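One structure below.
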Amino acid sequence: MMRSRHHRWNPPTLSGNRLQLRPLNDDDFSSWSEVRLRNADWLLRWEPLRPEYAPDPAVERSAFVNRCRARERETAADQAYPFGVFVSGQLVGEINLNNVVRGALQSGTLGYWIDQAHAGNSYMSEAVVVMLSFAFDRLDLHRVEVCIVPRNSNSKRVVEKIGLRFEGTAERYLQIAGVWEDHLRYAITSEEWKERANDLLNEWARNSPNDVAPPT
């Protein structure tokens, strides 16, 4: 059941065993820009095209600041919860809980990316577990899903490592790099989370404080 206080709550810093998650702010422009520009070939093939008229937030600081403000508005409206992923204080990627829908659905979708230089260390699987705890234990969602282009083997490994349930293929689900791409759909519900939470948190996020509730 949705709690009306969610939309007034600013997300905290979340912790896993090796990483921290926090919303990006204006001061993160330089590090975010460096990572995104260096990883352009690695990342952009898996992302929607940026409109030609839109400034590039990886190049223009003002566009990055506007991006931060837009993300803050989405969080204030209980629509999305974006976080930067940090290892030893260094930005290595992002993970976002998007498309939050309340009412009878109580669902959200996870999306993520990581610096290629830090891929292969299971950082993103750890970040997903931390975000699942956030989504189910703090936001009271009932369902979280991850949708992945079938040939994106790196992204598939992220969810397979933590055993998310495969639901099938959504044909031409999202337009990625200008092409309508099929997506594999993985999901977990709050019932499944309750059964698996202790094992997942013990393995991936022993340092995550799961007893912190939104303020009343």
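Read-outs throughout are calculated quantities, based only on the coordinates presented, and are distinct from any laboratory measurement. These numbers were taken from a predicted model, which means no experiment stands behind them. We place every Cβ from the backbone using ideal geometry, glycine too, and count neighbours over all the protein chains shown.
General observations
- Taking each residue of the stretch 16-34 that is under 17 Å from residue 96 (Cα atoms) and in contact (Cβ under 8 Å) with a residue 60 or more places away in the chain and looking for partners that are part of a helix (DSSP H, G or I) and charged (D, E, K, R) with beta-carbon atoms closer than 7 Å, six or more apart or interchain, yields 16/126; 19/126; 23/71.
- For residue 64, the test of being aromatic (Phe, Trp, Tyr) and in contact (Cβ under 8 Å) with a residue 60 or more places away in the chain is failed.
- Residue 163 closer than 26 Å to residue 36 by Cα and surrounded by fewer than 20 Cβ atoms within 10 Å (Cβ to Cβ): no
- Neighbours by Cβ (under 7 Å, 6+ apart or cross-chain): first from the stretch 171-195, within 15 Å of residue 108 (Cα to Cα); second acidic (Asp, Glu) and surrounded by 12 or more Cβ atoms within 10 Å (Cβ to Cβ): 185/145; 185/167; 186/145; 186/167; 187/145; 187/167
- Selection of the stretch 114-149 for residues being over 24 Å from residue 76 (Cβ atoms) and aromatic (Phe, Trp, Tyr) yields only 123.
- The one condition from (1) touching a strand residue (DSSP E or B) at 6+ places or on another chain (Cβ under 7 Å); (2) in a helix (DSSP H, G or I); (3) not polar (S, T, N, Q) that residue 82 does not meet is (2).
- Count of residues meeting criterion [acidic (Asp, Glu) and within 16 Å of residue 15 (Cα to Cα)] in the stretch 71-106: 1
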